[in-house]
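FYI, it's all coordinate maths here, none of it is from the lab. Note that the structure is predicted; figures quoted are calculated from it, not measured. In this analysis, Cβ positions are derived from the backbone assuming ideal geometry, glycine residues included, and neighbour counts consider all displayed protein chains.
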Amino acid sequence: VHPKEKKVRLLTNDFDVWQIVRGRQHVSVGESFYLLKPGDIFMIPPMSTFELDILEDSYYIYCHFDMMFRHVDSNFTDMFTCAVLSCENPELAAAYSERDKPCMMLNIKSALYKIIYQYFIENINVWTPSVKIHYDKNVRMLAEYIDRHISEPLTNRLLADLCGYSEKYFISWFRKQFGATPYAYIKRKRMEIAHMLLSKYKYPVSLVAKQVGYSDPYTFSKAFRSFYGSSPSVLL
């Protein structure tokens with residue numbers, strides 16, 4: 001449940017799916033604008049920066065998942081855009097309402113797969129076998145390493161050595177694979193984890209700062225404010 005709020009700036013890491021159950025939201029992504037209403041399903045591809053206006057007290061189901069499309073050929077990932085899908089069969093909402101029942105997660109995943117299929121049918125107009133998917137084994141290794149060591153210093157030199165690359169080549173390679181510089185990617189990961197620890201688990205700011213690799217609460221709070229536009233203490 002989300003109260004009325006103005007101009008929340010967010011950045012997606014994976015695919016996001018919202019199903020609007022109650023209330024209206026206005027979303028701007030680049031030069032595109034979407035007015036979401038009850039019954040809409042909104043799909044947002046990875047690495048999308050957007051602003052959200054919650055026009056009235058709202059309730060929506062939020063899911064995110066990593067289909068690894070950010071690690072494939074750009075000719076393929078360019079096919080993905082934001083999309084509003086009509087929800088003729090509200091299976092996701094029905095499954096989510098019973099999420100505490102045994103094995104209900106399978107039903108939720110089934111509903112999500114149907115939404116993804118609808119997204120493909122409605123929004124990918126051209127796909128040919130000539131589009132080749134290229135996967136670099138270092139991508140998963142590096143993503144997992146960053147996740148495991150997010151509380152530690154993560155320098156370009158260290159990460160480049162893990163991949164066996166020169167530092168100069170590594171920075172170029174990383175930007176191509178992850179869609180951001182190493183600094184920007186790691187900062188986003190740290191901020192996302194910090195937001196979860198603060199909002200969901202109510203950890204003190206000093207502890208969260210250490211958990212996400214900051215030497216002191218002041219430096220962390222400054223970085224958090226620059227990323228989210230508000231102090232971390234507002235989540236406590």
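Under a 5 Å amide H cut-off, with hydrogens placed 1.01 Å from N, residue 23 pairs with 59 among residues at least 5 apart or on other chains. For the pair residue 216 and residue 56 in one chain, pulling the backbone fully straight at 0.36 nm per residue adds 53.9 nm over the alpha carbon distance. The peptide list 168-181, 15-28, 98-111, put in order of mean Cβ contacts within 10 Å with the highest first, becomes 15-28, 168-181, 98-111.
Pairs with C-alpha atoms separated by more than 20 Å, drawn from the list 168/189; 101/202; 189/222, are 168/189; 101/202.
Once the Cβ-Cβ distance of residue 101 and residue 206 is raised to the sixth power relative to R0 = 45 Å, the FRET efficiency obtained is 0.70. Rg/Rh, computed from the Cα trace of region 137-235 with Rh as the Kirkwood radius, has the value 1.01.
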